[in-house]
Amino acid sequence: MGLLGRKKRSKEPLIKSGSSVSDGSSVTGGAHAGPGAQSVAGNTAVFRVLVPENVNPGDEFQVYAGTRIVRVRCPPGSAPGQSLSITVPIDKAPAQDLPPDSPNVRPINDPNANPNAPRAYMVTIPAGILGGQQFPVTIQGQQLMVTCPLNARPGMSVRVVPPPPPTDVTRGPNGGMMQRQPPRQKKDDRTQLFEVEVPPGVQPGQPFALLAGGQRVLVTCPANANPGQRIRFKLPLALLNRPKITNEAQKVRLKYDKDGWTRTVRITDLKFQWVRMDDNGDVDTNQRFDIDRSAYVRKLEFRPGEDPRIRTGLLSLVPAADAVVDSKIKSADGRDLVSYEDIADAQVKAFEEKADWFQKTCAQLCVEWNEGHMRMNVRRQFLLGDSVDAVMSLSRKDLRKLWRFEFIGEAGIDAGGLAREWFQLVTSEIFDPDMGLWQSSQVNQMCMQINPASEYCCEDHLVYFRFLGRVMGKALFDRQLVSGHMVQHLYKHLLAWPVTFADLERVDEEYYNNLKQLVDLAKSGDDLSMLCLDFTTTQEVLGQKEEIELVKGGKDVEVNNDNFPEYLEACLKYRMLDRVKTQLNELLLGFFDVIPEPLLTIFDFQELELLMCGLPEIDLDDWMENTEYSGEYDGTDGDHEACIWFWEVVQELDQEFKARLLQFVTGTSGVP
């Protein structure tokens, strides 16, 4: 079943008995709009409705659409309980392009005045204002400060000619004026020519990495070049003139990178690509799986869907060296909004500076208020169902509009508090293990992982994962936080970061240790075929165990010493992606409906978790009291001199580095 045609959920019916209908639609007497998302300042509104029971294709039925009742004809192929998307004209309200003038302001109507001259107004001086003092007024949508003449007193009127409205403003949610983003300066398109010698052992068409002007780049050997020959290439000057590193964590990573993978720039198209250097400083071109050196990156290929609002995609794991990400972002009108040098500059900033740059860029991608915004009407008692219907009816452009929330039946104006509450409530409910979509990690109860059996717990599970992806992306776009920490490798999938064999330990420690024992047996020369293993694994679903083939025909492939690396590779791919592939595919598609993927390349997976979930409030005394010591410190209860020194250093760390230390130790920044 497609995403827009899912089965009925348990929720209050939107059609109430006794509602009158006139010529297919009528306005009800309710003060609040019905549940759904409505585009404000546009010509139409989109609603999602359910086909009632006993309605056949071609039959008409009545539903609420905002404050009206409309007739809908059931389309062919639809069935009762199926969700439909309808578009209806919105009621034309009196246009209020500008906020009203102040009560003490009246225009001067002079028939002999020059029509091209600015219009004058008479302003009455408020009570309590003395000569020389200023008082605020609103004229033509502008908030002005008027100075009371020295010889004037309260109750008298003064003539005011307001300045013309500025041309670089846009109207805000309350009718006030908001400064438009300044135009971006033109980038430096100049380049610098480099000449290098093809290293020994490099074949035509094979990539090799080098430092050019202090920047690590990836060069592909031309088809007509051989080792020892000199080749030339150009690099933009803007990429070479990078600022000094201000991120202390980045300095440490550049000096010591235990994973060995580095994101670099491919000179052929200036896209970002992962490379790993071998012991000789050359690009590691090893093709066979190695638990210490191999890594994989998720690849998501976008495809158009049957509904233009809902894209589809193909998700897979590819070798890290084959994964590339664009380094440019265009605005809605086709302008170059972010270039590779912008991203390269932001990558070396401190975390707070990165977050600020990210939010400023998102603000430029946001649809302007005067192009329309979204009014999200939800019922608190049916919060998740109404929210899914509203969010899933939106186009990708609607997702980047400003959202204003209303809890139906409750008084309140959304000035940020209702939106913050909505994000927290919705994500808390959808991450709840009782819903069956997510489950607590076996390694760390604070982390949530996708439930491989979610389809047996919730019939609409893929819709919910697409919905959650959109909500997470919108939260990141709007500086909101989500209520749920995911397992570490899911943040890597969001960023398209390399996933290694070591990541298995944070997913299933027992499974990881069992594979490590097999690795030790293989290294010692033992015959693995004596273990009677094949390319299958066992998965338990609702108490029933089923056999899963890791490769096609895996139950007929015996594991031996020759194919053991391929067996480890298949185990890694299954655990990290394949067993939750359909759910993760929808989560990523929803997330990238809002956030452009190149924009995320400035963060690492730890920073992304901090950005999405917020910096935690860490009680250091509680941390020290509940720390377990092992090895030579076992039984010391922290009284060892080295432990005392350690906590003295931790005490001096700022909030960000304490959170990063917690992530390093436990795999998440979530505090129990």
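The values are calculated or read from the model by the stated rules, or taken from the named source; none is laboratory data. The structure displayed is predicted, hence computed values, not measured ones. A quick note on method: Cβ atoms are made from the backbone with ideal geometry, for glycine too, and the neighbour counts reach across all protein chains shown. For accessibility, only protein heavy atoms count, side chains too; no ligands or nucleic acids. Shrake-Rupley method; radii C 1.70, N 1.55, O 1.52, S 1.80 Å.
Among the numbered conditions (1) open to solvent by 60 Å² or more (accessible area, probe 1.4 Å); (2) out of contact with any Ser or Thr (no Cβ under 7 Å at 6 or more places or on another chain); (3) modelled with pLDDT of 90 or more; (4) over 30 Å from G473 (Cβ atoms), the only one that Y567 does not meet is (1). Applying a threshold of 8 Å to beta carbon distances and a minimum spacing of six or more residues, or different chains, the list of pairs starting in region 48-62 at a residue that is of a type in the set (S, T, N, Q) and ending at one that is open to solvent by 70 Å² or more (accessible area, probe 1.4 Å) reads Q62/I15; Q62/R71.
Can you find a residue in region 418-432 that is without any contact (Cβ under 8 Å) to a residue 24 or more places away in the chain, surrounded by fewer than 20 Cβ atoms within 10 Å (Cβ to Cβ) and more than 19 Å from D386 (Cα to Cα)? Checked against the condition, which is being without any contact (Cβ under 8 Å) to a residue 24 or more places away in the chain, surrounded by fewer than 20 Cβ atoms within 10 Å (Cβ to Cβ) and more than 19 Å from D386 (Cα to Cα), region 418-432 yields no hits at all. Which one is nearest to W357 (Cα to Cα) among residues in region 588-600 that are in contact with a strand residue (DSSP E or B) (Cβ under 8 Å, 6 or more places away or on another chain) and open to solvent by less than 10 Å² (accessible area, probe 1.4 Å)? Out of the qualifying residues, it is L599. Just one residue in the set W645, W623 is under 30 Å from Q480 (Cβ atoms), open to solvent by 10 Å² or more (accessible area, probe 1.4 Å) and either without any contact (Cβ under 8 Å) to a residue 40 or more places away in the chain or assigned to a loop (DSSP other than H, G, I, E, B) (or both); that residue is W623.
Scanning region 322-329 finds one or more residues that are open to solvent by 40 Å² or more (accessible area, probe 1.4 Å), assigned to a loop (DSSP other than H, G, I, E, B) and either closer than 22 Å to E301 by Cα or at pLDDT below 85 (or both). For region 104-127, name all the residues that are more than 16 Å from L144 (Cα to Cα), open to solvent by less than 90 Å² (accessible area, probe 1.4 Å) and within 52 Å of the chain's Cα centre (by Cα). Within region 104-127, just A117 meets the criteria. If you take the residues in region 47-92 that are at pLDDT 80 or above and part of a strand (DSSP E or B), which one is farthest from the chain's Cα centre (by Cα)? Step by step, filter region 47-92, then rank; the result is E60. Any idea how many residues of region 464-486 are among the β-branched types (V, I, T) and either buried (at least 23 other Cβ atoms within 10 Å of the Cβ) or within 18 Å of R396 (Cα to Cα) (or both)? Within region 464-486, residues that are among the β-branched types (V, I, T) and either buried (at least 23 other Cβ atoms within 10 Å of the Cβ) or within 18 Å of R396 (Cα to Cα) (or both) number 1. Annotation note: Cβ proximity below 6 Å between a residue of region 221-235 that is farther than 13 Å from P207 by Cβ and a residue that is open to solvent by less than 20 Å² (accessible area, probe 1.4 Å) and at pLDDT 80 or above (sequence gap 6+ or interchain) occurs for P227/V198; P227/V202; Q229/V198. What number goes with the only condition from (1) over 27 Å from Q364 (Cβ atoms); (2) in contact (Cβ under 8 Å) with a residue 12 or more places away in the chain; (3) open to solvent by 10 Å² or more (accessible area, probe 1.4 Å) that V499 does not pass? The single condition V499 does not satisfy is (3).
Every test in (1) surrounded by fewer than 19 Cβ atoms within 10 Å (Cβ to Cβ); (2) of a type in the set (V, I, T); (3) at pLDDT below 85 is passed by V265 save one, and that test is (1).
Here V541, V559, V580, V519 are screened, and the one residue that is within 29 Å of the chain's Cα centre (by Cα) and open to solvent by less than 20 Å² (accessible area, probe 1.4 Å) is V580. Has region 294-309 got at least one residue that is part of a helix (DSSP H, G or I) and open to solvent by 30 Å² or more (accessible area, probe 1.4 Å)? No, that holds for no residue.
Tell me yes or no: at least one residue of region 440-463 is of a type outside the set (V, I, T), surrounded by fewer than 18 Cβ atoms within 10 Å (Cβ to Cβ) and part of a strand (DSSP E or B). The answer is yes, given that some residue of region 440-463 is of a type outside the set (V, I, T), surrounded by fewer than 18 Cβ atoms within 10 Å (Cβ to Cβ) and part of a strand (DSSP E or B).
On inspection, E607 does not qualify as open to solvent by less than 70 Å² (accessible area, probe 1.4 Å), part of a helix (DSSP H, G or I) and modelled with pLDDT of 95 or more.
So is V367 in contact with a helix residue (DSSP H, G or I) (Cβ under 7 Å, 6 or more places away or on another chain), open to solvent by less than 50 Å² (accessible area, probe 1.4 Å) and closer than 20 Å to V217 by Cα or not? Spelling it out, it is not the case that V367 is in contact with a helix residue (DSSP H, G or I) (Cβ under 7 Å, 6 or more places away or on another chain), open to solvent by less than 50 Å² (accessible area, probe 1.4 Å) and closer than 20 Å to V217 by Cα.
I want to confirm something. Restricting to region 339-364 and keeping residues that are in contact with a Ser or Thr (Cβ under 6 Å, 6 or more places away or on another chain) and outside any loop (DSSP other than H, G, I, E, B), which single residue is most open to solvent (accessible area, probe 1.4 Å)? Within region 339-364, the match that is most open to solvent (accessible area, probe 1.4 Å) is Y340.
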